[in-house]
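Remarks on the structure that follows.
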């Protein structure tokens with residue numbers, strides 16, 4: 001828990017899960033070397049406050065869910081989410097085609113430029129240029145409601161799309177958290193619902209342990225067998 005709370009960069013995501021037939025949320029808090037799961041009824045800020053506390057100083061990589069901005073201003077919005085959504089909208093509305101193309105080209109140009117690990121002054125130039133490019137596209141006139149909604153989402157997260165440019169260790173997508181949640185989505189389909197609070201607590205601890213072992217390259221079966229033999 002302390003490693004999660006003290007992480008300089010933390011990937012966070014949540015997805016629905018049922019406990020005794022009622023809607024809950026399973027949250028994942030992950031770094032490259034550890035993952036922590038909790039299951040709560042809430043999808044609100046109080047879960048972040050409980051797990052991370054208000055003393056958390058790191059950068060959170062996340063999707064566009066508004067609760068993260070209520071918790072901290074040190075964010076990196078997920079470009080994978082943004083590009084998936086812009087692609088889907090561009091396939092339905094012609095006016096969104098240039099927007100999606102521009103977003104994709106901007107993202108690719110930035111990631112290509114950062115592959116060479118440029119010095120801080122170049123990163124600052126890239127950051128400023130990227131902001132100007134994004135501002136150009138969100139200030140254009142759009143008519144379709146779905147496109148306007150996307151523009152609103154981009155605008156609301158304007159200050160948090162380019163954290164990864166200035167901070168070399170920050171990733172531009174939340175893929176780490178999504179990968180951590182993927183087995184939970186599969187288990188959700190298999191289990192249907194968790195049965196009680198005790199089972200929920202056990203599920204949290206087992207999945208936290210197994211996922212962290214896997215991240216560290218450990219043999220989960222051997223580790224679990226050794227623990228049970230103690």
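The values are calculated or read from the model by the stated rules, or taken from the named source; none is laboratory data. This structure is a prediction, so every number in the text was calculated from the model and none was measured. Cβ sites come from the backbone with ideal geometry, for glycine too, and all protein chains shown count toward neighbours.
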Candidate set: segment 136-150, residues that are in contact (Cβ under 8 Å) with a residue 40 or more places away in the chain and surrounded by 13 or more Cβ atoms within 10 Å (Cβ to Cβ); chosen: the one nearest to residue 65 (Cα to Cα): 150
Give segment 186-200 a look and list any residue that's in a helix (DSSP H, G or I) and in contact with a strand residue (DSSP E or B) (Cβ under 9 Å, 6 or more places away or on another chain), or say none. 187, 188, 191, 197, 199, 200
Lone unmet requirement of (1) surrounded by 15 or more Cβ atoms within 10 Å (Cβ to Cβ); (2) farther than 25 Å from residue 104 by Cα; (3) touching a strand residue (DSSP E or B) at 6+ places or on another chain (Cβ under 8 Å) for residue 214: (3)
Among the candidates 129, 109, residue that is under 20 Å from residue 75 (Cα atoms), assigned by TED's automatic domain parsing to the domain that holds residue 87, out of contact with any strand residue (DSSP E or B) (no Cβ under 8 Å at 6 or more places or on another chain) and without any contact (Cβ under 8 Å) to a residue 24 or more places away in the chain: 129
Any residue that is within 30 Å of residue 99 (Cα to Cα), assigned to a loop (DSSP other than H, G, I, E, B) and touching a helix residue (DSSP H, G or I) at 6+ places or on another chain (Cβ under 7 Å) - is there at least one of those in segment 37-51? no
Say whether the condition of being closer than 23 Å to residue 167 by Cβ, in a helix (DSSP H, G or I) and at pLDDT 95 or above is met by at least one residue in segment 83-93. yes
So, of the residues in segment 7-32 that are modelled with pLDDT of 95 or more and outside any strand (DSSP E or B), which turns out to be nearest to residue 74 (Cα to Cα)? 8
Just give me the residues in segment 164-180 being outside any loop (DSSP other than H, G, I, E, B) and surrounded by 20 or more Cβ atoms within 10 Å (Cβ to Cβ), in sequence order. 164, 165, 176, 177, 180
Residues that are crowded, with 16+ Cβ neighbours inside 10 Å and farther than 24 Å from residue 150 by Cβ, drawn from segment 44-71: 47, 48, 51, 52, 56, 58, 59
